[in-house]
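Enquirer: The structure follows.
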Amino acid sequence: MHAPLLPAVIDNDERAGYPSASEYGRLVKCRASHLMTKRAKALGQVAHERSDTADLGTKKHLANVEGPDILSPKERQDWETCQHKRAAFLTQWTADCALPVEVVREERLWLRKGLRPLLSGKPDEVVRQGSRVAVLDQKYGNHRVSDPRENAQLGLYALLVVLGDGSITEVTCLILSPFYDFEPVTYSRAELMQLHQSVLVVVASLADPGDPVPGDHCHFCPARLICAAAKDQAAQAMLAKVVELPLGEQAAELLDNIKRAQALFKEVEAYYKRVLEETPGAIPGWALEPGYTRREIADTAALHQHVAGLFSTEEFLSTCSVSVPQLEKLWAKKNAVPITRAREPFKKFLGALLTEKRSAPSLSRVNNRLE
């Protein structure tokens with residue numbers, strides 16, 4: 001893979017203001033979101049600008065380059081689960097070929113028309129063996145993303161890889177998650193060249209995209225705070241306008257609107273919180289209240305030694321709460337059992353010591369899962 005001719009970086013954005021593979025699935029459904037995102041950045045009203053979840057995901061990705069020592073023990077467990085899945089996949093993927101393996105991590109790839117950049121993507125890892133390539137993407141969020149076959153981001157990564165090297169014949173894509181298992185998908189070069197044509201059409205339409213189209217794809221849209229369509233949909237969800245609660249398809253539509261409205265309101269609150277963090281007193285009658293103090297002890301082994309002369313082991317353990325998922329991961333590691341297959345043998349190992357209780361059901365969409 002050859003190094004691309006990079007466009008100028010704008011405002012510390014290595015994407016230089018061009019669309020990225022991570023947002024392509026949304027652009028297919030709402031092409032107006034790209035220009036609106038640029039406008040939101042110019043106004044300083046970007047949704048999802050900062051979150052603890054996103055920062056944690058970035059940290060775990062950074063561990064691929066800097067090593068796992070930057071992670072806490074709990075963070076490291078999720079990272080190691082993905083590494084185990086990666087190793088298992090690569091062992092199988094490379095089994096029938098003796099050619100050397102080349103690994104490239106965190107390299108931005110560009111789609112161009114001539115010399116003009118159109119779109120870019122930054123796969124977590126690209127592994128090459130001969131004329132075959134594997135694209136591995138780590139997802140640390142609790143929500144399940146689309147499977148590799150339906151995942152637009154992975155499809156774009158595969159396309160960018162083959163466009164960068166004419167000798168590549170196929171690309172296998174896999175998502176690595178500590179919470180979910182995914183089956184890989186393999187694209188032939190011919191399939192990806194067909195995708196190339198549709199991508200060019202979508203990118204060309206971004207200059208004159210028409211009106212924004214609301215939907216599930218709004219969930220992570222950076223332009224959400226300034227989107228008229230999102231605000232109109234939130235207004236439609238106001239129960240004051242509902243004379244009688246409907247059933248059937250109308251109920252499904254109302255619940256969809258309510259969920260999106262709730263998410264929009266949270267983003268509005270997050271925006272004004274940032275305003276008050278930067279300029280206290282900027283909003284009359286509103287201020288940031290200090291959060292409560294949360295006490296915790298991370299090193300329970302050191303604590304046990306510290307209180308050994310004061311409490312018996314039984315007394316000490318009575319104050320501790322066991323994390324079943326962490327204990328399961330530790331048991332799997334001790335017994336050389338893949339974490340993805342550990343649940344049932346671990347349950348059998350604990351026997352009556354393990355009790356299972358199902359929480360109350362939550363209201364959730366059973367299709368159109370969010371990216």
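The values are calculated or read from the model by the stated rules, or taken from the named source; none is laboratory data. In this text, all values refer to a predicted model and were calculated from it rather than measured experimentally. We place every Cβ from the backbone using ideal geometry, glycine too, and count neighbours over all the protein chains shown.
Enquirer: Scan segment 298-322 for residues that are within 36 Å of the chain's Cα centre (by Cα) and within 24 Å of LEU353 (Cβ to Cβ) and jot them down.
Expert: Residues of segment 298-322 within 36 Å of the chain's Cα centre (by Cα): 298-303, 319-322.
Those that are within 36 Å of the chain's Cα centre (by Cα) and within 24 Å of LEU353 (Cβ to Cβ): THR300, ALA301, LEU303, THR319, CYS320, SER321, VAL322.
Enquirer: Okay, next question. Keeping to segment 40-52, report how many residues are surrounded by fewer than 14 Cβ atoms within 10 Å (Cβ to Cβ) and modelled with pLDDT of 85 or more.
Expert: Taking segment 40-52 first, the residues surrounded by fewer than 14 Cβ atoms within 10 Å (Cβ to Cβ) are 42-44, 50-52.
The next check asks that each one be modelled with pLDDT of 85 or more; those that pass are 42-44.
Qualifying residue count for the region: 3.
Enquirer: Moving on. With the structure loaded, tell me whether SER188 is among the hydroxyl-bearing types (Ser, Thr, Tyr) and either in contact with a Pro (Cβ under 6 Å, 6 or more places away or on another chain) or more than 21 Å from LEU118 (Cα to Cα) (or both) or whether it fails that test. Break it down stepwise before answering.
Expert: Working: among the hydroxyl-bearing types (Ser, Thr, Tyr): yes; either in contact with a Pro (Cβ under 6 Å, 6 or more places away or on another chain) or more than 21 Å from LEU118 (Cα to Cα) (or both): yes.
The answer is yes for SER188.
Enquirer: Quick check on GLU150: is it surrounded by fewer than 21 Cβ atoms within 10 Å (Cβ to Cβ), closer than 17 Å to GLN92 by Cα and not aromatic (Phe, Trp, Tyr)?
Expert: Numbers: surrounded by fewer than 21 Cβ atoms within 10 Å (Cβ to Cβ): yes; closer than 17 Å to GLN92 by Cα: no; not aromatic (Phe, Trp, Tyr): yes.
So GLU150 does not fit the description; no.
Enquirer: Let me ask another. Of the conditions (1) without any contact (Cβ under 8 Å) to a residue 12 or more places away in the chain; (2) at negative phi, PRO100 clears all except one; give me its number.
Expert: (1)
Enquirer: Exactly one of (1) in contact with a Leu (Cβ under 8 Å, 6 or more places away or on another chain); (2) exposed (fewer than 15 other Cβ atoms within 10 Å of the Cβ) is unmet by VAL65. Its number?
Expert: Just one mismatch for VAL65, condition (1).
Enquirer: Any idea how many residues of segment 111-146 are surrounded by 18 or more Cβ atoms within 10 Å (Cβ to Cβ), within 13 Å of ASP181 (Cα to Cα) and of a type in the set (S, T, N, Q)?
Expert: Within segment 111-146, residues that are surrounded by 18 or more Cβ atoms within 10 Å (Cβ to Cβ), within 13 Å of ASP181 (Cα to Cα) and of a type in the set (S, T, N, Q) number 1.
Enquirer: Scan segment 323-365 for residues that are over 24 Å from the mean Cα position of the chain (by Cα), loosely packed, with under 10 Cβ neighbours inside 10 Å and hydrophobic (A, V, I, L, M, F, W, C) and jot them down.
Expert: Residues satisfying the conditions are ALA336, ALA352, LEU353, ALA360.
Enquirer: Separate question: Looking only at segment 270-319, filter to residues that are of a type in the set (Asp, Glu) and exposed (fewer than 10 other Cβ atoms within 10 Å of the Cβ); which one of those is nearest to HIS48 (Cα to Cα)?
Expert: Of everything passing the filter in segment 270-319, GLU278 is nearest to HIS48 (Cα to Cα).
Enquirer: Then there is this: Across segment 302-356, which residue is modelled with the lowest pLDDT among those that are in contact with a Pro (Cβ under 9 Å, 6 or more places away or on another chain) and not in a helix (DSSP H, G or I)?
Expert: VAL337
Enquirer: Still on this structure: Only residues in segment 105-128 that are in the same structural domain as THR94 (by TED's automatic domain parsing) count as the first member; pair them with residues that are buried (at least 17 other Cβ atoms within 10 Å of the Cβ) and of a type in the set (Phe, Trp, Tyr), Cβ under 7 angstrom, at least 6 apart or cross-chain, and list the lot.
Expert: Note: pairs meeting the criteria are PRO117/TYR18; PRO117/TRP110; LEU118/TYR18; LEU119/TYR18; SER120/TYR18; SER120/TRP110; GLY121/TYR157; PRO123/TYR157.
Conditions (1) assigned to a helix (DSSP H, G or I); (2) out of contact with any His (no Cβ under 8 Å at 6 or more places or on another chain); (3) surrounded by 15 or more Cβ atoms within 10 Å (Cβ to Cβ), marked per residue:
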position: VAL161; (1), (2), (3): yes, yes, yes
position: ILE168; (1), (2), (3): no, yes, yes
position: ILE175; (1), (2), (3): no, yes, yes
position: VAL201; (1), (2), (3): yes, yes, no
position: ALA204; (1), (2), (3): yes, yes, no
position: PRO222; (1), (2), (3): no, no, yes
position: GLN250; (1), (2), (3): yes, yes, no
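Enquirer: Checking the structure you have, find out if any residue of segment 165-179 is outside the structural domain of THR340 (by TED's automatic domain parsing), touching a residue at least 60 places away in the same chain (Cβ under 8 Å) and more than 30 Å from ALA332 (Cα to Cα).
Expert: Yes: one or more hits.
Enquirer: Given the structure, is TYR292 assigned to a helix (DSSP H, G or I), among the hydroxyl-bearing types (Ser, Thr, Tyr) and not assigned by TED's automatic domain parsing to the domain that holds PHE316? First the steps, then the outcome.
Expert: Details: assigned to a helix (DSSP H, G or I): no; among the hydroxyl-bearing types (Ser, Thr, Tyr): yes; not assigned by TED's automatic domain parsing to the domain that holds PHE316: yes.
The answer is no for TYR292.
Enquirer: Hey, another quick one. Could you list all residues from segment 180-191 that are in a loop (DSSP other than H, G, I, E, B) and either in the same structural domain as ARG341 (by TED's automatic domain parsing) or surrounded by 16 or more Cβ atoms within 10 Å (Cβ to Cβ) (or both)?
Expert: From segment 180-191, those in a loop (DSSP other than H, G, I, E, B) are 180-184; that's our starting set.
Scanning segment 180-191 gives PHE182, PRO184.
Enquirer: Further, regarding this structure: Restricting to segment 62-81, count the residues that are touching a residue at least 40 places away in the same chain (Cβ under 8 Å) and more than 22 Å from LEU330 (Cα to Cα).
Expert: Number of matching residues: 1.
Enquirer: Please pick out the residue among GLU277, GLU296, GLU289, GLU267 that is in contact (Cβ under 8 Å) with a residue 40 or more places away in the chain and within 30 Å of LYS74 (Cα to Cα).
Expert: Numbers: GLU277 fails: in contact (Cβ under 8 Å) with a residue 40 or more places away in the chain; GLU296 fails: in contact (Cβ under 8 Å) with a residue 40 or more places away in the chain; GLU289 fails: in contact (Cβ under 8 Å) with a residue 40 or more places away in the chain.
Step by step, each of GLU277, GLU296, GLU289, GLU267 is checked, and only GLU267 is in contact (Cβ under 8 Å) with a residue 40 or more places away in the chain and within 30 Å of LYS74 (Cα to Cα).
Residue-wise test of (1) farther than 23 Å from SER120 by Cα; (2) touching a Pro at 6+ places or on another chain (Cβ under 8 Å); (3) of a type in the set (A, V, I, L, M).
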{"site": "HIS34", "(1), (2), (3)": "no, yes, no"}
{"site": "ASP55", "(1), (2), (3)": "no, no, no"}
{"site": "GLU66", "(1), (2), (3)": "yes, no, no"}
{"site": "ASP69", "(1), (2), (3)": "yes, no, no"}
{"site": "ALA87", "(1), (2), (3)": "yes, no, yes"}
